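Encoded as structure tokens, the structure appears first; notes follow it.
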Amino acid sequence: MNRFHWTRHFRTRHFRRARQITVLGVVLAMTAIVVPPATVRNAPTALVKVESVRGIDHEPHVIWILALGSDARPGQSVVRSRADAIQLVGVNTKTGAATAIGIPRDSYVNIPGQGRNKINAALYFGGPQLMAGAVADMVGIRPDYVFTTGFLGFRAMVQSMGGITVRSKYSFTDVVMPGGYRVGKNKLNGLQALIFARIRYGLPRGDFDRSANQQRTMVGILREVRSKADKPGFMERSLLSVVKNMDTNLRPSELFMLAQALTQIQPDKITRCVIGGSTGSAGAASVVFPDIGQARSIANRARKDATLNGRC
Amino acid sequence: MTRVAGTLKKARRGSLERKVGRAISSYFDAAYLGGEYPRADFTKAFATFSEGAARQARGDRSLLTNADLAKSIAAVTPIRKDARLSVLAPKNVAAGVTARIRLVFVADSEEAQDTRVTISGRLLLTRMKSGRWHIFGYDVARSAVPAGKGASR
């Protein structure tokens with residue numbers, strides 16, 4: 001249908017304005033050269049202003065979602081394994097802003113009813129509910145939804161989109177990526193995206209940089225979804241696949257409304273933070289002692305509008 | 001045209017098209033095509049919107065209705081009214097609909113040149129407990145050219 005109309009939404013306001021000025025400049029320059037002065041004419045070209053608005057009804061309009069990547073092996077339950085990726089994402093459906101808070105999986109924290117342990121064990125001990133509780137204890141925000149996917153589900157999801165593009169901060173190698181991952185844009189298939197989100201060897205800050213790569217992966221997925229959301233039937237087909245392949249207690253209509261609300265996120269309005277900390281050991285395990293003060297500070301600033309003012 | 005992701009029996013599809021069509025058509029009429037022009041009252045424009053969507057839409061009424069043009073319009077002539085539906089229907093029940101809309105009309109003016117207005121974009125609908133369908137989201141663009149130019153249909 002109207003591709004031009006959709007393309008407009010995916011640009012930042014700044015870029016859009018710059019582009020409009022550029023286009024207008026080109027048009028005016030061409031007009032000055034081509035058009036004879038002061039004559040009545042039937043112009044062979046036209047420039048028409050198109051105004052647009054968008055809105056969605058979702059209460060509350062700020063949604064917090066805990067996105068988990070489970071390390072379940074074939075035959076294991078994705079919601080009763082350890083969480084390899086832990087991202088708490090706040091979305092403002094009115095402004096299109098979002099804040100992603102990355103939690104290093106080795107964060108050594110209190111898990112309700114289980115004592116101190118790595119936070120990723122909460123999924124194993126008590127499924128998504130306990131994981132949500134552990135994150136709430138650590139960060140101070142209780143997620144409204146917990147989305148969990150395993151290796152196969154993640155690969156299939158990226159593959160069904162035709163791959164994603166991520167921007168890497170570092171170059172590193174892996175056998176699945178011929179030529180290795182480069183600094184800057186990388187076009188990845190499902191397996192390459194999975195490795196990009198999981199690998200920590202070769203990254204200077206190990207677990208922290210891996211968490212940042214998981215956020216880059218999420219942004220890549222979101223950009224891909226937004227670029228295809230205008231294709232008739234894309235959202236419905238994707239959601240049907242989700243309904244068939246995901247365990248959820250949401251009704252399909254709730255899922256439809258939630259997914260449409262999430263497409264309101266503007267990728268350039270996403271703030272990304274990874275909770276810092278120091279590495280050490282607890283017993284025989286190497287762990288991260290997270291900076292709880294920083295985690296609470298980020299959460300407090302982003303809690304109401306999913307917008308993070310100031311630095312991480 | 002209706003695309004279905006999932007399954008929807010023929011009778012249910014027909015019923016869905018009628019109900020969704022009614023919600024969209026009511027909006028088009030209340031916001032753009034209906035009423036006695038010149039008109040000033042657009043309070044019922046969003047009657048088929050959900051409460052939250054209607055609240056937001058009132059803030060965007062200059063694009064989502066003829067409110068800004070209404071005083072200078074003598075009459076409205078519909079040219080094209082079209083909605084293509086994409087339906088999410090797992091288990092033979094429709095859960096959500098994306099309607100790709102295109103509405104074209106000419107706003108006749110007695111004092112100035114007539115204007116050909118095109119409204120296009122997406123409306124998002126889901127079913128209420130009552131069984132009626134309502135619009136809970138919108139992504140709509142509006143363009144206007146002097147009538148007779150911009151031959152888009």
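Under 16 Å from the 7 Å Cα→Cβ point of B:A112, by amide nitrogen: which residues of the stretch B:38-77?
B:38-39, B:62-63, B:66-76
Once phi is turned into ³J(HN,Hα) by the Karplus curve 6.51 cos²θ - 1.76 cosθ + 1.60 with θ = phi - 60°, what whole-Hz value does each residue of the stretch B:39-47 show in order, with x for glycine and proline?
Running phi through 6.51 cos²θ - 1.76 cosθ + 1.60 with θ = phi - 60° gives 10, 10, 9, 10, 5, 9, 4, 10, 5 Hz.
So what is the relative contact order of chain A, in percent, for Cα pairs below 8 Å that sit 6 or more residues apart? Could the numbers behind the result be given before it?
Working: 490 pairs, mean separation 65.0, N = 312.
Reported as a whole number, the value is 21 percent.
Rounded if a/c is under 1.5, else prolate if a/b is larger than b/c, else oblate: which is the stretch A:95-154, with a ≥ b ≥ c the root eigenvalues of its Cα gyration tensor? Intermediate values should be presented prior to the final figure.
Details: a/c = 1.79, a/b = 1.28, b/c = 1.40.
Taking the square roots of the gyration eigenvalues as a ≥ b ≥ c, the stretch A:95-154 is oblate.
Can you list the residues, at least 5 places off or on another chain, whose amide H is less than 5 Å from the amide H of B:W133, using H built in the peptide plane?
B:M128
To the nearest whole percent, what portion of all C-alpha pairs in the protein assembly as shown is separated by more than 31 angstrom?
Summing the P(r) of the protein assembly as shown above 31 Å gives 50 percent of all pairs.
Pairing the Cα long axis of helix A:252-262 with the longest principal axis of chain A, what angle in degrees results, from 0 to 90 and rounded to the nearest 10?
The two axes meet at around 70 degrees.
Give, to the nearest whole percent, the P(r) tail of the stretch A:155-312 beyond 27 angstrom, counting all Cα pairs.
Details: 4635 of 12403 pairs.
In whole percent, the share of Cα-Cα pairs in the stretch A:155-312 beyond 27 Å is 37.
Express the relative contact order of the stretch B:3-146 as a whole percentage, based on alpha carbon pairs under 8 Å and six or more residues apart in sequence. Intermediate results must be reported in sequence, preceding the final value.
Values: 280 pairs, mean separation 34.5, N = 144.
Contact order relative to length: 24 percent.
Mind listing the phi-derived Karplus ³J(HN,Hα) values for the stretch B:84-99, rounded to whole Hz, using 6.51, -1.76 and 1.60 with θ = phi - 60°, and x for any glycine or proline?
The phi angles translate into 10, 9, 10, 10, 9, 9, x, 6, 6, 10, 6, 9, x, 9, 9, 9 Hz.
Count neighbours as other Cβ atoms within 10 Å of each site's Cβ, and list the trypsin sites (Lys or Arg not before Pro) in the stretch B:1-60 that are DSSP loop with at most 16 such neighbours.
The qualifying sites are B:K9, B:R39, B:K44.
Exposure proxy check: B:L88, A:L194 ranked by fewest other beta carbons within 10 Å? Before the final figure, lay out each step's value.
Numbers: B:L88 29, A:L194 22.
Ranking B:L88, A:L194 by Cβ neighbours within 10 Å, fewest first, gives A:L194, B:L88.
Listed here are the pairs A:K49/A:K228; A:K49/A:K94; A:K187/A:K244; B:K19/B:K81; B:K19/B:K129; B:K10/B:K81; which of them are more than 19 Å apart at the Cα? Kindly include the intermediate steps, with their values, before the conclusion.
On the way: A:K49/A:K228 24 Å; A:K49/A:K94 24 Å; A:K187/A:K244 27 Å; B:K19/B:K81 16 Å; B:K19/B:K129 14 Å; B:K10/B:K81 24 Å.
Violating the 19 Å limit, Cα to Cα: A:K49/A:K228; A:K49/A:K94; A:K187/A:K244; B:K10/B:K81.
Can you pull out the GluC sites (Glu not before Pro) in the stretch B:44-153 whose DSSP state is coil and whose Cβ has at most 11 other Cβ atoms within 10 Å?
Working: sites: B:E51, B:E110, B:E111; in loops: B:E110, B:E111.
Hits after loop and neighbour filter: B:E110, B:E111.
Tell me, what is the Rg over Rh of the stretch B:1-119, with Rh the Kirkwood radius over Cα pairs? Numbers along the way, then the final one.
Values: Rg = 16.4 Å, Rh = 15.6 Å.
Result: Rg/Rh = 1.05.
Considering only the other residues whose Cβ falls under 11 Å of the Cβ of A:L68, what net charge follows from Lys and Arg at +1 and Asp and Glu at -1?
Details: positive: A:R82, A:R105; negative: A:D71, A:D84.
For residues surrounding A:L68, the net value is 0.
Taking only the alpha-carbon positions of the stretch A:73-125 and ignoring solvent, what does the Debye formula give for the base-10 log of I(q)/I(0) at q = 0.17, 0.23 Å⁻¹?
The Cα Debye sum returns log10 ratios of -0.65, -0.87.
So what is the diffusion coefficient of the stretch B:18-72 in µm² per second by Stokes-Einstein at 20 °C and 1.002 mPa s, using a Kirkwood Rh over Cα pairs? Numbers along the way, then the final one.
On the way: Rh = 11.3 Å.
Answer from the Stokes-Einstein relation: 189 µm²/s.
Helix B:10-28 versus the longest principal axis of chain B: what is the Cα-based angle in degrees, 0 to 90, to the nearest 10?
Computed tilt is about 30 degrees.
I'd like the mean, over residues of B:52-58, of how many other protein chain beta carbons sit within 10 Å of each residue's own Cβ. Could the numbers behind the result be given before it?
Numbers: counts 8, 4, 2, 2, 8, 3, 0.
Per residue, the number of nearby Cβ atoms from other chains is 4 on average.
Quick one: if the Förster radius is 45 Å, what FRET efficiency do B:D29 and A:T173 give, using the C-beta to C-beta distance and rounding to 0.05?
Working: r = 62 Å, r/R0 = 1.37.
Computed FRET efficiency for B:D29 and A:T173: 0.15.
With a sphere of radius 14 Å drawn around the Cβ of A:R182, what net charge do the other residues whose Cβ falls strictly inside it have (Lys, Arg +1; Asp, Glu -1)? Please report the intermediate quantities before stating the final value.
On the way: positive: A:R167, A:K169, A:K185, A:K187, A:R216; negative: A:D174.
For residues surrounding A:R182, the net value is +4.
Please determine, in degrees from 0 to 90 and to the nearest 10, the orientation of helix A:234-245 with respect to the longest principal axis defined by the Cα atoms of chain A, where the helix direction is its Cα long axis.
10 degrees
Karplus couplings for the stretch A:52-69 from phi (6.51 cos²θ - 1.76 cosθ + 1.60, θ = phi - 60°), rounded to Hz, Gly and Pro as x?
In residue order, the calculated couplings are 9, 9, 9, x, 8, 9, 9, 10, x, 7, 9, 10, 10, 10, 9, 9, 10, x Hz.
Coordinate-derived values only; no laboratory data. From a predicted model like this one, the values you see are computed outputs, not experimental measurements. Glycine gets a Cβ as well: all are built from the backbone with ideal geometry, and neighbour counts include every protein chain shown.
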